[in-house]
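Working notes, structure below.
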Amino acid sequence: MVMWIASSAPAALVSVVSLAALTLTGNGGPPPPEWGDGPLTVDSLPRVTYVAHRGGAREVPENSMSGLMAAYRRGTAQVLDLDTRVLRDGTPVVFHDATLNRTTFLGGEVRKLDAEEWKGVRLRPRDRLPGSWRSERPPTVEEVLDRLGGRILLMLELKDPAGLERVAGMIRARGLTRSVFVNTNDPRVADRVHRLGLLTQLWRSAGQMRTDRPERWRSFVDLLDVDIHARDADLERAVRSGIPRVWAHTVVTPAQRDRALALGCDGVLTDAPGRLARHRTRVPGPVSSVTGR
């Protein structure tokens, strides 16, 4: 059941941002010109990588097409993170919560809607966001892959692992198996992602990291996503695990970023990529101690 929720935001805050000039590549269509000979892949990432978490949720409306496009255009992150859920008919959509209440004008469970009903959902931008943003429909995963796939690295978190096979098919059909990380908190799901030939990302909380033995996952995890609130020893153990990339979440201050890098992480997921980009990285000790994996 879907319930209407009254908006608390005045009409003046509705965005006048227009994306009319942006078009989809379409299923099976030619790649965008900026791909050159092919889409950007994981091999293009810099030594230290910045990820716009949910598109940069302190700077843009989270998990929105306009927010993702703004983060892409600003160029302060090399990877765009988004969350995925599955509708009643199996359609993967870009959305974080299990319910509509927090970020839209509706209430009820996401999984009880179908693709046609999804067209009536409208995001409710937070009042505290800088600038002005209009209400818009949350995108489907297919729409994001068509618009941004290969132009920038993407990170898709599976909130509903049941949607993995369909998401995997979309990624493979577009030639993006080296351009999209598929993220989960469950090592068993991460192993399934790997077996499907996709880039595998596994995130872990500070509590989980106290007893984790991450070296057990190095055969099937491409990216270990660790909690910035974990103990130094747990972060260092993750860095020594043999997993190729270790990035920290969710970083919002320069001090948190610098701590993660000093302990050996080579990337950060942040709600404020623009803010971190304005602050120079300060890491104590020689550079080799930061990137010596």
Residue count, region 77-108, condition within 30 Å of Val48 (Cα to Cα) and in contact with a Phe, Trp or Tyr (Cβ under 8 Å, 6 or more places away or on another chain), comes to 8
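Answer yes or no as to whether Val226 is closer than 14 Å to Val51 by Cα and at pLDDT 95 or above.
When the stated conditions are applied, Val226 passes them.
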Checked against (1) among the acidic types (Asp, Glu); (2) over 20 Å from Gly56 (Cβ atoms); (3) in contact (Cβ under 8 Å) with a residue 60 or more places away in the chain; (4) open to solvent by less than 50 Å² (accessible area, probe 1.4 Å), Glu136 satisfies every condition except (2)
Among (1) crowded, with 19+ Cβ neighbours inside 10 Å; (2) of a type outside the set (Lys, Arg); (3) touching a strand residue (DSSP E or B) at 6+ places or on another chain (Cβ under 9 Å), Met69 falls short only on (3)
Counting only residues that are open to solvent by 20 Å² or more (accessible area, probe 1.4 Å) and either out of contact with any Pro (no Cβ under 8 Å at 6 or more places or on another chain) or not in a loop (DSSP other than H, G, I, E, B) (or both), region 179-203 contains a total of 10
Residue hits (region 251-273; open to solvent by 10 Å² or more (accessible area, probe 1.4 Å) and either part of a helix (DSSP H, G or I) or not charged (D, E, K, R) (or both)) are Val252, Thr253, Pro254, Ala255, Gln256, Asp258, Arg259, Ala262, Leu263
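Residues Gly149, Gly169: which one is out of contact with any Cys (no Cβ under 7 Å at 6 or more places or on another chain) and open to solvent by less than 20 Å² (accessible area, probe 1.4 Å)?
Gly149 is the lone residue from the list that is out of contact with any Cys (no Cβ under 7 Å at 6 or more places or on another chain) and open to solvent by less than 20 Å² (accessible area, probe 1.4 Å).
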Going through region 209-227 in order, the residues found to be outside any helix (DSSP H, G or I) and surrounded by fewer than 22 Cβ atoms within 10 Å (Cβ to Cβ) are Arg210, Thr211, Asp212, Arg213, Arg218, Ser219, Phe220, Asp222, Asp227
Only one of (1) without any contact (Cβ under 8 Å) to a residue 40 or more places away in the chain; (2) within 16 Å of the chain's Cα centre (by Cα) does not apply to Gly274, and that is (1)
Cβ pairs under 9 Å, 6+ apart or interchain, first in region 100-111 and modelled with pLDDT of 95 or more, second open to solvent by less than 10 Å² (accessible area, probe 1.4 Å) and part of a helix (DSSP H, G or I), ordered by first then second residue, are Leu100/Val110; Val110/Trp118
Exactly one of Ala206, Ala233, Ala248, Ala277 is buried (at least 20 other Cβ atoms within 10 Å of the Cβ) and of a type in the set (Gly, Ala, Ser), and that residue is Ala248
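The values are calculated or read from the model by the stated rules, or taken from the named source; none is laboratory data. Note that the structure is predicted; figures quoted are calculated from it, not measured. Here the Cβ is made from the backbone with ideal geometry for all residues, glycine too, and neighbour counts use every protein chain on show. The protein model used for the area step is the full one, side chains on, heavy atoms only, and it has no ligands, DNA or RNA in it. Shrake-Rupley method; radii C 1.70, N 1.55, O 1.52, S 1.80 Å.
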